[in-house]
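K.L.:
Here you go, one structure.
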Amino acid sequence: MTTRGRKGGDKLTVDELCEELRIARSTFYDWRQKGRGPRCIRLPNGALRIRRDDLDNWLTDCEDRA
């Protein structure tokens, strides 16, 4: 799935985020466990969502550290 046409308030699933960043789900959960991943929203059913704005801000922060 592409992210074209997404708005800043849109929310990504973990699978969409992993596809976009080209990482394994295990990498995402490793980052999350270590407090290094983007902010997430936990839904009542336990699923996670990541706001587009939070992902973009997180990527900018990663860029600054590089």
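The values are calculated or read from the model by the stated rules, or taken from the named source; none is laboratory data. From a predicted model like this one, the values you see are computed outputs, not experimental measurements. Glycine also receives a Cβ, built like all others from the backbone with ideal geometry; neighbour counts cover every protein chain displayed. Side chains are part of the model used for accessible areas, which takes the heavy atoms of the whole protein and leaves out ligands, DNA and RNA. Shrake-Rupley method; radii C 1.70, N 1.55, O 1.52, S 1.80 Å.
K.L.:
When both residues are 6+ apart or on different chains and their Cβ atoms are under 6 Å apart, which pairs have a first residue that lies in the stretch 32-57 and is surrounded by fewer than 18 Cβ atoms within 10 Å (Cβ to Cβ), and a second that is of a type in the set (V, I, T) and outside any strand (DSSP E or B)?
P.N.:
Pairs found: L48/V14.
K.L.:
Let me ask you something else. Of the conditions (1) open to solvent by less than 50 Å² (accessible area, probe 1.4 Å); (2) at pLDDT below 95; (3) small (G, A, S), A66 clears all except one; give me its number.
P.N.:
(1)
K.L.:
Filter the stretch 33-51 down to the residues that are touching a strand residue (DSSP E or B) at 6+ places or on another chain (Cβ under 8 Å) and either among the small types (G, A, S) or outside any loop (DSSP other than H, G, I, E, B) (or both) and list them by number. It would help to see each step written out before you state the result.
P.N.:
Narrowing the stretch 33-51 to residues touching a strand residue (DSSP E or B) at 6+ places or on another chain (Cβ under 8 Å): 38-43, 47-51.
Within the stretch 33-51, I41, R42, A47, L48, R49, I50, R51 qualify.
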